[in-house]
Amino acid sequence: MTRLRFATLGSGSRGNATIVACGRTVVLMDCGFAVNETLRRLALLDLCGEALSAIVVTHEHGDHMGGVARLARRFKLPVWLTAGTYRGGGAPKLPDVRLFNPHEAFAIGDVAIQPYPVPHDAREPCQFVFSDGDQRLGVLSDAGHVTPHMRRCLDRLDALILEFNHDPQLLAAGPYPPELQARVGGQLGHLNNHQAVELLEAVDRQALQHLIAGHISEKNNTPTHVRRTVAARLPAEAAGMTLAPQDEGLGWHELRRHG
Ligand SMILES: [Zn+2]
Ligand SMILES: [Zn+2]
């Protein structure tokens with residue numbers, strides 16, 4: 001029986017890419033890595049460029065879209081993105097552009113995809129909930145704060161990849177200039193550890209099989225800060241969570257069926 005499974009190729013401000021697969025459908029969400037690096041990381045998952053079905057893009061920032069156009073041209077991949085992301089990314093030369101409305105579901109092969117808009121300093125940013133019709137994987141990689149709509153979209157998930165970008169104190173004491181600190185910590189920036197935990201507390205987590213912390217800042221956060229913040233309020237989740245690294249991927253995670 002085919003099941004929804006996922007893996008990351010890397011997560012953080014130096015590049016993001018996530019694989020979501022079901023049956024013969026293999027969707028790449030974002031690609032912030034150069035082609036050769038992407039192929040090297042795909043190979044570690046027993047995948048090659050030809051195995052990809054399509055690329056879906058959350059927003060035009062380089063750590064998410066920097067590698068998309070070259071990879072899409074090389075393997076003639078359809079690229080799904082919002083009109084704002086397409087324009088915000090400079091309307092790159094893509095072999096097959098598929099524009100979507102960030103409130104409307106669409107499907108790529110066996111993978112159903114529900115996009116949802118997020119507050120982030122890009123032109124028309126969104127994030128996704130992927131499903132095989134039974135299991136649901138939510139992804140939230142870049143958002144300055146959590147809206148009620150986002151909480152509804154991320155309720156009762158079976159798996160979640162969630163941004164734990166920074167610790168507010170480390171950000172304030174860290175190396176970023178004041179403008180960049182304000183941007184990262186602002187309403188259109190990135191989720192801090194406490195905001196991520198508050199989101200977890202606000203949703204029904206009964207079915208959650210996998211919790212992955214992602215987009216962890218290397219300058220304004222540490223794995224210890226992430227784990228400590230979650231453990232202080234959600235010890236069970238802290239014990240079971242995995243932290244997605246930047247310099248390497250996270251291997252396949254499969255979702256178990258209900259019942
Ligand atoms: Zn990002
Ligand atoms: Zn971003």
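Every read-out reported here was derived from the displayed coordinates using simple, explicitly stated rules and does not represent laboratory data. All values derive from a computational prediction rather than experimental measurement. We place every Cβ from the backbone using ideal geometry, glycine too, and count neighbours over all the protein chains shown.
Just subtract the alpha-carbon distance of Arg14 and Ala173 from 0.36 nm times their residue separation and send over the number in nm, one decimal. Before the final figure, lay out the partial values.
Working: separation 159, 0.36 × 159 = 57.24 nm, distance 2.11 nm.
Length difference between fully extended and current span is 55.1 nm.
I need the shape label for the stretch 75-127. Rule: rounded when a/c is under 1.5, else prolate if a/b > b/c, else oblate, with a, b, c from the alpha carbon gyration tensor.
oblate
Of the peptides 205-212, 127-134, how do they stack up when ordered by the mean number of other Cβ atoms within 10 Å, highest first?
The densest-packed peptide leads the list: 127-134, 205-212.
Could you check the simple spin-label distance between His149 and Ala232, using points 7 Å along Cα→Cβ, in nm with one decimal?
In this crude spin-label approximation the distance works out to 3.1 nm.
Counting only other residues whose beta carbon sits under 11 Å from that of Thr38, what net charge do I get with K and R as +1, D and E as -1?
The answer is +2.
Across the stretch 98-112, in residue order, what do the Karplus-derived ³J(HN,Hα) couplings come to in whole Hz, using 6.51 cos²θ - 1.76 cosθ + 1.60 with θ = phi - 60° and x for Gly and Pro?
10, 7, 10, 7, x, 9, 10, 5, 8, 9, 10, x, 8, 10, 8
Could you tell me whether the stretch 45-158 comes out rounded, prolate or oblate from its Cα gyration tensor? Rule is a ≥ b ≥ c as square roots of the eigenvalues, rounded for a/c under 1.5, then prolate if a/b exceeds b/c, otherwise oblate. Don't skip to the answer; put the middle values down first.
Numbers: a/c = 1.92, a/b = 1.22, b/c = 1.57.
Oblate, since a/c reaches 1.5 and b/c is not below a/b.
Can you put Glu254, Glu60, Glu201 in order of Cβ neighbours within 10 angstrom, beginning with the fewest?
Going from sparsest to densest Cβ surroundings: Glu201, Glu254, Glu60.
Stretched out fully, how many nm does the piece from Asn36 to Leu99 gain, at 0.36 nm a residue minus the Cα gap?
Length gained between Asn36 and Leu99: 20.0 nm.
Order by neighbour count: His166, His61, fewest other Cβ atoms within 10 Å first, most last.
Fewest-to-most Cβ neighbours within 10 Å comes out as His61, His166.
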